[in-house]
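Q: One structure, as structure tokens, below. Some questions next.
Values quoted throughout were computed directly from the atomic coordinates according to the rules given, and no laboratory measurement underlies them. Everything numeric in this text was worked out from a predicted model, so none of it was measured. FYI the Cβ positions are ideal-geometry reconstructions off the backbone, even for glycines, and counts take in every protein chain you see.
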Amino acid sequence: MPLNLTQKIIASHRISGEMTPGSEVALRIDQTLTQDATGTMAYLQFEAMGVPRVRTELSVSYVDHNTLQMGFRNPDDHRYLRTVAARYGVIYSPAGTGICHQLHLENFARPGRTLIGSDSHTPTAGGVGSLAMGAGGLSVALAMAGEPYTISMPRVVRIWLEGQLGGWATAKDIILHLLGELTVKGGVGRVMEFAGPGVATLTVPERATITNMGAELGATTSIFPSDGQTQNFFRAMGREAEFELLAADEDATYDEEVRIDLSALEPLVAAPHMPDVRTTVRELAGKKVDQAAIGSCTNSSYADLKTVALMLDRQRICPETDLLVSPGSKQVLNMLAAEGLLAPMLTAGARLLECTCGPCIGMGGSPVSNGVSVRTFNRNFEGRSGTQDGQVYLASPQTAAMCALRGEFTDPATWGEPPAKPEFPADVPSIRHLFLMPSEDGSGVDILRGPNIVPLEGFAALPVRLETSVQLKVGDNITTDHILPAGPQITALRSNIPAISEYIYSRVDPDFVARIREAGGGVIVGGENYGQGSSREHAALGPRHLGVCAVIVKSLARIHRANLVNFGILPLTFVNPGDYDRIDLGAALTLPTDTITPGGEVELQVAGVGAVAVRNDLTENELAIIQAGGLLNFVRTQADQA
């Protein structure tokens with residue numbers, strides 16, 4: 001039977017389950033990655049499992065988020081990550097080496113491999129034909145321990161590309177177009193598999209931009225075939241021996257199809273405050289721009305930044321507009337320096353930042369009050385920039401650079417001829433020596449912990465009956481940034497769940513934490529696409545610590561749903577979405593949890609309202625995890641029984 005690319009990789013890694021959409025399938029995982037904002041908790045969880053050594057083909061711990069070392073917390077976390085990596089056989093990437101997804105693409109991602117990472121933009125590696133998925137830190141820890149990663153078998157959507165990009169249109173405009181067509185929940189339960197003659201016209205850095213932002217569709221992942229363009233990339237990276245051809249069978253079938261004519265695309269932006277609020281650059285002509293920021297794991301490649309340098313050469317940015325540039329890795333930085341491409345950016349007035357995530361997660365570089373910021377990043381959620389009323393637009397590096405030069409959006413018809421698409425230099429400098437490779441035996445390594453690293457707490461099993469109340473009611477498209485904001489003050493507490501829990505929903509409802517503490521726990525009611533955004537499991541761990549026992553919503557984002565299950569919080573959806581309007585903040589409710597069955601319906605009794613039907617999409621295994629009080633409890637119980 002002919003298989004598409006996604007099915008091929010899943011079939012070769014399947015441990016159990018059926019490859020029919022919606023069925024639970026368990027996969028062997030080849031590679032994992034973590035970053036420091038999520039990694040500290042993931043390694044604490046790995047330690048709790050008592051496994052002497054990681055059991056994957058390759059695991060990497062990157063430090064790229066919490067690099068602002070204001071006080072002891074972040075450097076202590078980095079020291080812990082370095083020593084725990086040496087102890088258990090994990091490659092360690094120190095702060096400043098680069099952004100995890102750019103580094104993994106350059107150094108470790110391989111065609112046909114399975115990769116999960118505790119960062120939602122792990123699908124970046126799909127640009128080289130890897131089946132790469134974002135996951136919660138606990139899922140990654142289990143994969144490092146040799147446990148399979150379980151997903152619902154996705155529907156596979158063929159994204160058929162024809163034609164070729166022209167003018168100022170870029171790979172960023174392909175994914176912005178797709179987001180405008182499908183919306184931020186259009187990819188839920190799906191893999192976006194790219195095919196068609198247009199694929200051959202896109203380089204790996206361009207493909208990685210698209211797969212990176214496929215996460216904003218809510219997709220399980222996105223993937224390109226491994227072909228001649230992939231081989232060129234591996235050759236440039238000095239890794240040609242790791243290249244292999246990989247493509248869908250000629251007669252492979254797909255569950256859905258979307259067609260895009262690349263030659264018809266023009267420069268696009270995502271307007272505040274969602275990545276799917278698509279409009280054209282020309283429609284915004286005349287709108288003042290206060291800040292432009294170029295970088296992040298989406299658009300910080302050598303090709304992206306060389307293009308920007310050529311555009312800024314012998315130019316001066318608008319005096320009223322700030323320009324921030326963040327290279328994706330020290331390899332990118334070295335290539336730019338060797339070709340004299342830093343000088344044009346610096347002389348034009350740009351600020352060169354460290355090779356980190358930086359402004360993308362509110363780590364510096366916030367715009368002015370109510371300021372318009374044009375960013376090459378992947379998310380423009382309200383407040384994510386660090387400025388609550390900031391107006392963030394997502395765009396290509398070319399669009400951002402032109403906004404910086406002119407101080408406003410302008411019609412691309414006035415931009416002249418675009419620079420030619422850059423190719424890699426003949427000699428690409430390697431930075432592999434900067435990674436700390438673990439020794440064969442790390443048993444003698446002392447793991448060093450700072451005072452901010454708090455051991456994991458235990459959670460109780462699910463009672464047979466919940467008598468509780470609604471402690472928060474929120475609307476549609478609640479993101480993990482709404483649940484737990486980023487930024488330097490809060491993110492430094494990622495290894496301290498009691499401390500970071502004080503900030504849960506702090507920018508949505510400042511009274512929430514005090515209210516739920518006084519009530520002794522409760523439930524959260526929400527709208528569509530609840531929990532979209534990053535993979536930060538703290539957005540589930542924090543509520544669990546505060547006593548949240550269930551979320552009752554219209555629909556859920558994939559990774560957050562998995563994190564809720566991992567930490568024993570019931571994810572429930574309304575059978576009748578209109579019932580959302582019937583339940584008010586503070587309403588008392590009763591849920592007989594002992595009557596819940598996998599994929600079944602149950603009636604809530606809501607005081608003053610009556611019966612409200614809710615359903616779950618849990619598998620038998622997931623329900624058992626929640627009943628046990630979370631995945632760690634469940635795994636320990638299974639180990640004891642074994």
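Q: To the nearest 20 debye, what charge dipole does the range 5-264 have about its Cα centre, counting +1 at the Cβ of each Lys and Arg and -1 at the Cβ of each Asp and Glu? Walk me through the intermediate numbers first.
A: On the way: 20 positive and 29 negative charges, 155 e Å.
Once rounded to the nearest 20, the dipole reads 740 debye.
Q: Here's a follow-up. Which whole-angstrom value gives the distance between the alpha carbon centres of the range 84-118 and the range 450-513?
A: That distance is 28 Å.
Q: Are there GluC sites (Glu not before Pro) in the range 345-443 that DSSP puts in a loop and that have at most 11 other Cβ atoms within 10 Å, and which ones?
A: When the GluC sites (Glu not before Pro) of the range 345-443 are filtered for loop state and at most 11 Cβ neighbours within 10 Å, Glu440 remain.
Q: Once the Cβ-Cβ distance between Ala624 and Glu181 is put in as r, and R0 is 41 Å, what FRET efficiency do you end up with, to the nearest 0.05?
A: Approximately 0.60, to the nearest 0.05.
Q: What shape does the range 143-207 have by the C-alpha gyration tensor, where a ≥ b ≥ c are the square roots of the eigenvalues, rounded means a/c under 1.5, and otherwise prolate means a/b greater than b/c and oblate the rest?
A: Verdict is prolate for the range 143-207.
Q: Turning to a different aspect of this structure: Say each of Ser443 and Glu283 gets a label point 7 Å from the Cα, pointing the same way as Cα to Cβ; how far apart are those two points in nm?
A: Label-label distance for Ser443 and Glu283, simple model: 6.4 nm.
Q: While we're here: Among Gly166, Val156, Gly129, which residue has its Cα positioned farthest towards the positive end of the charge dipole of the range 5-264, with +1 placed on the Cβ of Lys and Arg, -1 on the Cβ of Asp and Glu, and the dipole taken about the Cα centre?
A: So the residue furthest toward the plus end is Gly129.
Q: Classify the range 207-341 from the C-alpha gyration tensor, please: rounded if a/c falls under 1.5, else prolate or oblate depending on whether a/b exceeds b/c.
A: oblate
Q: How high is the relative contact order of the range 108-213? Use alpha-carbon pairs under 8 Å, at least six apart in sequence, and give a whole percent. Can you show the working numbers first?
A: On the way: 147 pairs, mean separation 34.5, N = 106.
With pairs under 8 Å counted, the relative contact order is 33 percent.
Q: Right, another one. For Asp640 and Ser506, calculate 0.36 nm times their separation in residues minus their Cα-Cα distance, and state this gained length in nm to one decimal.
A: Values: separation 134, 0.36 × 134 = 48.24 nm, distance 3.96 nm.
Separation in residues times 0.36 nm, less the Cα-Cα distance, equals 44.3 nm.
Q: Sequence gap at least 6, Cα distance under 8 Å: using those rules, report the relative contact order of the range 1-147 to the nearest whole percent.
A: With pairs under 8 Å counted, the relative contact order is 28 percent.
Q: Ok, one more. How high is the relative contact order of the range 275-413, given as a whole-number percent (alpha carbon pairs under 8 Å, six or more residues apart)?
A: Dividing the mean separation by the residue count of the range 275-413 yields 37 percent.
Q: Something else now. For Ala48 and Thr253, calculate 0.36 nm times their separation in residues minus their Cα-Cα distance, and state this gained length in nm to one decimal.
A: Gain on stretching Ala48 to Thr253: 69.5 nm.
Q: ³J(HN,Hα) across the range 375-390 via Karplus (A = 6.51, B = -1.76, C = 1.60, θ = phi - 60°), whole Hz, x for Gly/Pro?
A: 10, 8, 7, 10, 9, 10, 4, 4, x, 4, 6, x, 10, 4, 9, x
Q: Tell me which of Gln471, Leu115, Ile500 sits at the most positive position along the dipole axis of the chain, charges placed on C-beta atoms (Lys, Arg +1; Asp, Glu -1).
A: Highest projection toward the positive end goes to Ile500.
Q: Dipole of the chain (Lys/Arg Cβ +1, Asp/Glu Cβ -1, origin at the Cα centre): which of Val25, Pro419, Ser430 lies farthest to the positive side?
A: The residue sitting most towards the positive pole is Ser430.
Q: State the Cα centre-to-centre distance between the range 277-331 and the range 352-424 in whole Å.
A: Their Cα centres are 5 Å away from one another.
Q: Highest mean first, what order results for 601-610, 335-344, 495-504, 250-259 on Cβ atoms within 10 Å?
A: Result, highest mean Cβ count within 10 Å first: 495-504, 335-344, 601-610, 250-259.
Q: Under 5 Å between amide hydrogens, which residues at least 5 positions from Ile159 or on another chain qualify, with H placed 1.01 Å from N in the peptide plane?
A: Long-range HN contacts for Ile159: Glu193, Phe194, Ala195, Val258.
Q: Still on this model: Quick one: Karplus J couplings for the range 448-461, per residue in order, coefficients 6.51, -1.76, 1.60, θ = phi - 60°, nearest Hz, x for Gly and Pro?
A: Karplus-based 3J(HN,Hα) across the range 448-461 equals 9, 10, x, x, 7, 8, 9, x, 5, 8, x, 10, 6, 5 Hz.
Q: Right, another one. Quick one: 3J(HN,Hα) in Hz for the range 109-116, Karplus 6.51/-1.76/1.60 with θ = phi - 60°, rounded, Gly and Pro as x.
A: For the range 109-116, the Karplus curve yields 5, 9, x, x, 8, 9, 9, 10 Hz.
Q: Also, quick follow-up: Quick check: Cα centre of the range 172-234 to Cα centre of the range 131-154, how many Å?
A: When both Cα centres are located, 21 Å separates them.
Q: Now for a separate question. Length gain on complete extension for the stretch Val368 to Glu467, per 0.36 nm per residue less the alpha carbon to alpha carbon distance?
A: Here the answer is 31.0 nm.
Q: Still on this structure, I have one more. Mind ordering 410-417, 587-594 by average Cβ neighbours within 10 Å, highest first?
A: So the peptides 410-417, 587-594, ranked by packing, come out 587-594, 410-417.
Q: Once you put a point 7 Å from the Cα of Glu162 and another 7 Å from the Cα of Arg79, both along the Cβ direction, what distance in nm separates them?
A: Each label point is offset 7 Å from its Cα along the Cβ direction, giving 6.1 nm.
Q: Evaluate the distance, in nm, between pseudo-label points positioned 7 Å from the Cα of Arg235 and of Arg517 along their respective Cα→Cβ axes.
A: Label at Arg235, label at Arg517, 6.2 nm between them.
Q: Can you compute the radius of gyration and Dmax for the chain, using only the Cα atoms, both in Å?
A: Over the chain's Cα set, Rg and Dmax evaluate to 23.6, 73 Å.
Q: May I ask you to order 204-214, 166-176 by the average number of other C-beta atoms within 10 Å around their residues, highest value first?
A: 204-214, 166-176
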